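Down below is the structure, laid out as structure tokens.
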Amino acid sequence: MFARIRSIIAYLQGTRVWLFAHPASLGVVVGALLCGSLAGLPAGDEMFTYMWADPRFCDDCHVHDYANKAWARSVHGQLTTCHDCHRVPIRHYPKNLVLALFDRPQTPEDIPRPEVKMVICEQCHLKSGAEEPLTGPMPDNLRGLVVRVDDSPLHKLHLGAKGRTPSLYEGGKPETEHPAPAEAAGSPEEVAEGKIECLDCHGGLHLEVHRFTATSEACVACHEGIRPADESGRGLSCLDCHARGFLGGSTVAVAE
Amino acid sequence: MSDPSSPVAGIWRRTLGLALVAFILGFLTTGPGIGQVRFLWLAYHHAGF
């Protein structure tokens, strides 16, 4: 093997000498190198766009076409990339390339549930995150029109709560039964006790991700105790009365 | 008709062969090469190592 390597190196050195001895040939080779480089530029651009902005790149390994479709249907699908919300460190890619080659996920259950930090939602939906960069196609003037919930009474109440479990007065369950919304809805993963996060209500259930619209299911998961049980209240959804508390006070920044 | 085994023909054969290799190398360097580097740089800037 070493002899083969040495012979290759000797050939390359001989080629270098030969090229310098034949300037016309050297010119042709350098020209071909430049032409190849120029021809590669659009291919490189397409490759980058596919890897960064196309959800099919992620789906190649993560096998979550249901998530791709839900995202594409949502308002986020038109304006963001996967990377805007899923901050994937670069060590993820070589590791997952090996997994994709030798232990490819077959079903969504084979994929660990991604963790989306609240700071990602804050980028657009709270004033504090306005300076954070986005990489999707959302133009700045449109970003300025995104609803911010800093002054929304019920958003403030939930995001500022010390814990995830409401009191009995607020419709929470006794201390022996304290499910988190995702767990109550059947997610197999346990949700750690901590502060309430955006995805507790806006992320959707297991296998129903990217359903950003909050529904009463998330409310009931924690506030079941104050769900109306009488005949006139039974048909109501929580948001029929409480939507105003979530949307009221929400602001839209005036685009400059 | 030039003799295909002549030295000039040999020089051009070698030149064209090297030009083809150079073209492919240039394409791979700026195409997938820069595409990958740009992606990894942005991913690092976005989310760290």
Could you figure out which of (1) facing chain A (nearest Cβ under 7 Å); (2) at pLDDT 85 or above isn't true of B:Gly17?
-> (1)
Would you pick out the residues in segment A:42-62 that are touching a residue at least 60 places away in the same chain (Cβ under 8 Å) and among the aliphatic types (A, V, I, L, M)?
-> A:Ala53
In the set A:Asp65, A:Asp60, A:Asp151, which member is among the charged types (D, E, K, R), open to solvent by 30 Å² or more (accessible area, probe 1.4 Å), out of contact with any strand residue (DSSP E or B) (no Cβ under 7 Å at 6 or more places or on another chain) and more than 17 Å from B:Ala43 (Cβ to Cβ)?
-> A:Asp65
Residue count for segment A:63-72, restricted to those that are in a helix (DSSP H, G or I) and either touching a residue at least 24 places away in the same chain (Cβ under 8 Å) or within 13 Å of the chain's Cα centre (by Cα) (or both) = 6
Which one is farthest from the chain's Cα centre (by Cα) among residues in segment A:13-32 that are of a type in the set (A, V, I, L, M) and within 11 Å of chain B (Cβ to nearest Cβ)?
-> A:Ala21
In segment A:118-131, which residues are surrounded by fewer than 13 Cβ atoms within 10 Å (Cβ to Cβ) and part of a loop (DSSP other than H, G, I, E, B)?
-> A:Glu131
Tell me which of these A:Phe20 doesn't satisfy, since it passes every other one: (1) open to solvent by less than 90 Å² (accessible area, probe 1.4 Å); (2) outside the structural domain of A:Leu134 (by TED's automatic domain parsing); (3) among the hydrophobic types (A, V, I, L, M, F, W, C).
-> (1)
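Filter segment A:73-93 for residues that are assigned to a helix (DSSP H, G or I) and open to solvent by 80 Å² or more (accessible area, probe 1.4 Å) and give the result.
Selection gives A:Arg73, A:Val75, A:Gln78.
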May I ask you to list the residues in segment A:33-80 that are among the hydrophobic types (A, V, I, L, M, F, W, C) and at the interface with chain B (Cβ under 9 Å from one of its Cβ atoms)?
-> A:Leu33, A:Leu34, A:Cys35, A:Leu38, A:Ala39, A:Leu41, A:Ala43, A:Met47, A:Phe48, A:Met51, A:Trp52
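The values are calculated or read from the model by the stated rules, or taken from the named source; none is laboratory data. Since we're looking at a predicted model, the values are computed, not measured. A quick note on method: Cβ atoms are made from the backbone with ideal geometry, for glycine too, and the neighbour counts reach across all protein chains shown. For accessibility, only protein heavy atoms count, side chains too; no ligands or nucleic acids. Shrake-Rupley method; radii C 1.70, N 1.55, O 1.52, S 1.80 Å.
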